[in-house]
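First comes the structure, then the notes that go with it.
Rule-based calculations on the coordinates, nothing more; no lab input. Just so it is clear, the structure is predicted and the values come from calculations on it, not from any experiment. Note that each Cβ is placed from the backbone with ideal geometry, even for glycine, and that neighbours are counted across all protein chains shown.
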Amino acid sequence: MTSALTPTELGYTSLPDHTQLPDSDGTFVKNHQEHPQSIILTDSILPHLQQQYPDGQYCIGQDSGIYWRIAQPPEPPERGAESPDWFLVPNVPPTLNGQLRRSYVLWQEHIAPLIVIEFVSGNGSEERDRTPFTGKFWVYEQAIRPAFYAIYEVRRPSVEVYHLIENRFELISANSRGHYPIAPLGVELGLWQGEYLEADLPWLRWWDLEGNLLLMGKERAEIESQRAETERQRAEAESQRAEAERQRAEIESQRAEAESQRAERLAQQLRALGVDPDAIDEI
C-alpha cells in the first residue's frame, strides 16, 4: 500500500480547513423523507440541548460532510468525507471564526461526533459496509468514531443503534419502550407514528430518559395554545360564575328590599287603623 501524500504534495501549505474543502459531493437527496426527518430531529432536540449545554457549545450537521482524511489525487477532495444525514458534536463552538461550518473537519476540530444517524433508502448494505477504508460502517467505526451510530431504514421501518465500545461498534438493545437510550445526551431514540407536513408516517424521534416525547416547536406551540384556551375557558367560566353569584345576590337584595317595603306598607296601614305594629310584634 502506498503512503499518503503530504499536504504540501497535495498543494496545501497546511492542512485544509472547512472553508477550503467542498461542502457537497454533488449527489441528490435519495428520498423525500430525508429533509423533513432531519428537521424533526433538530427542531425537537434544541430545547433539550440548550439545557444540556447552556454555554451553547455544540454543533448539529444535517447532510453535511465529516472530513476524516485528505483524498489522494486523482480523487476529488470530497472523497475524504462521509456525509451522514444527521449528527451532533458536543463541546465545540457553533461557528468557527464567526462563520457557519461548511463541513466538519476532524483534523481541525479534534472532537468526534456523539451520534451519527443515517437514513437508509435502499437495503442498508451501504450503511453496514465494513470494507476497510471505503465501507461506511468501517469509516464511522474506525476513523470518525462517534459514540453512537444509528441506522434508520425508512421503508421497513426499523432502527439499529450501535455503541462504540473499545474501538468496536456493538449493537444495543431497545428498552421496554422500544427506544434506544443515548445516555450521554440524556435522551432516547425511537420510532413515532404520526403526522408531519401532512404525511402520516413513522418518524425517528427523541424522548427524554423518562419516556416523554421531545416536542417540535409547532407541537409545543399547539400545546401552549390549548393550555391558553383551557385557561381562557376556565377564566370565562369563573367570570360567569361570579356574574351568576352577583345576580343571585342582587335578586336576594331586591327580595329583601321588597319584603322590607311590604312590611313598611303593612305597618302604615295598621297605624292608620290605630294599631301599633310594634305592639303586635310583642304579643
Using amide H atoms built 1.01 Å from N in the peptide plane, name the residues 5+ places from Ala150, or on other chains, whose amide H lies under 5 Å from its own. Val116, Ile117, Glu118, Tyr162
Kindly express, to the nearest 10 degrees and within the range 0 to 90, the angle between helix 217-272's C-alpha long axis and the longest C-alpha principal axis of the chain. 0
Cα-based Rg then Dmax for segment 34-215, in Å, read 16.1, 51
Between 0 and 90 degrees, rounded to the nearest ten: what's the tilt of helix 34-52 against the longest Cα principal axis of the chain? 70
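Could you list Thr42, Thr131 so that the one with the fewest beta carbons within 10 Å of its beta carbon is first and the one with the most is last?
By the 10 Å Cβ count, ascending: Thr131, Thr42.
Sorted from fewest to most neighbouring beta carbons within 10 Å, what does the list Ser173, Ser225 look like? Before the final figure, lay out each step's value.
Details: Ser173 7, Ser225 10.
Ascending Cβ contact count within 10 Å gives the list Ser173, Ser225.
Starting with the fewest neighbours, write out Leu15, Leu88 ranked by other beta-carbon atoms found within 10 Å of each beta-carbon. All intermediate terms of the calculation are to be shown ahead of the outcome.
Values: Leu15 14, Leu88 21.
Least to most surrounded, the residues fall as Leu15, Leu88.
Treating only the Cβ of Lys, Arg, Asp and Glu as charged (+1, +1, -1, -1), what charge dipole size does segment 34-215 show about its Cα centre? Round to the nearest 20 debye.
Values: 13 positive and 24 negative charges, 86 e Å.
In total the dipole reaches around 420 debye.
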